[in-house]
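Novice: Before I ask anything, let me first share the structure, which is written out below as structure tokens.
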Amino acid sequence: MKRLIILLLACAVVPLATAEMYKYVDKNGKTVYSDTPPADADAKPVHVAPSTGTVVRQGPSMEKDLEKGRALAKERSKKEEAAEQNAKLAQQRCEQAKEAYHAYEDGGRLFKYNEKGEREFLSDDEIEAKRASSKQEMEEACSKS
């Protein structure tokens with residue numbers, strides 16, 4: 001019963017919410033909209049539908065927004081994939097630099113190839129220099145990852 005009374009009251013109030021609007025041109029030549037008609041001007045009633053408070057978007061602009069969103073999502077996923085790939089490469093460089101450093105750190109008989117393609121054993125000074133440079137390379141490569 002209460003619901004029925006509320007419904008009837010709401011239906012009775014709706015016509016009151018739609019006010020009359022009048023459109024006329026004043027003596028300065030400007031178009032004026034008002035809720036009361038002026039006495040000295042020829043006012044024409046304008047029927048205005050009540051607003052629902054929501055904005056309805058047009059189809060083409062919505063499609064453009066959707067396309068823009070899809071393009072942004074695609075670009076974002078490409079950037080994420082590139083970042084993941086770069087992180088993997090940095091990790092690989094770090095591992096390779098660690099292996100090279102440990103090879104020089106462990107010592108033993110290490111060699112290099114000369115211009116003729118023959119193997120020459122490294123001297124202790126050369127091993128120490130290679131150890132220092134590989135340690136620096138390892139620190140640089142591993143600090144980035």
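The values are calculated or read from the model by the stated rules, or taken from the named source; none is laboratory data. These numbers were taken from a predicted model, which means no experiment stands behind them. Neighbour counts are summed over all protein chains in view; Cβ atoms, including those assigned to glycine, are modelled from backbone coordinates with ideal geometry.
Novice: Just one of (1) modelled with pLDDT under 80; (2) surrounded by 10 or more Cβ atoms within 10 Å (Cβ to Cβ); (3) charged (D, E, K, R) trips up R3, so point out which.
Specialist: Going through (1) modelled with pLDDT under 80; (2) surrounded by 10 or more Cβ atoms within 10 Å (Cβ to Cβ); (3) charged (D, E, K, R) one by one, R3 breaks only (2).
Novice: Tell me yes or no: at least one residue of the range 117-126 is touching a Leu at 6+ places or on another chain (Cβ under 9 Å) and among the acidic types (D, E).
Specialist: Pass one, the range 117-126, residues touching a Leu at 6+ places or on another chain (Cβ under 9 Å): 121-122, 126.
Imposing the further condition that a residue be among the acidic types (D, E) reduces the set to 126.
Yes, the range 117-126 contains a residue that is touching a Leu at 6+ places or on another chain (Cβ under 9 Å) and among the acidic types (D, E).
Novice: Let me confirm something: among K30, K64, which residue is exposed (fewer than 10 other Cβ atoms within 10 Å of the Cβ), modelled with pLDDT of 70 or more and of a type in the set (K, R)?
Specialist: Going through K30, K64 in turn, just one is exposed (fewer than 10 other Cβ atoms within 10 Å of the Cβ), modelled with pLDDT of 70 or more and of a type in the set (K, R): K30.
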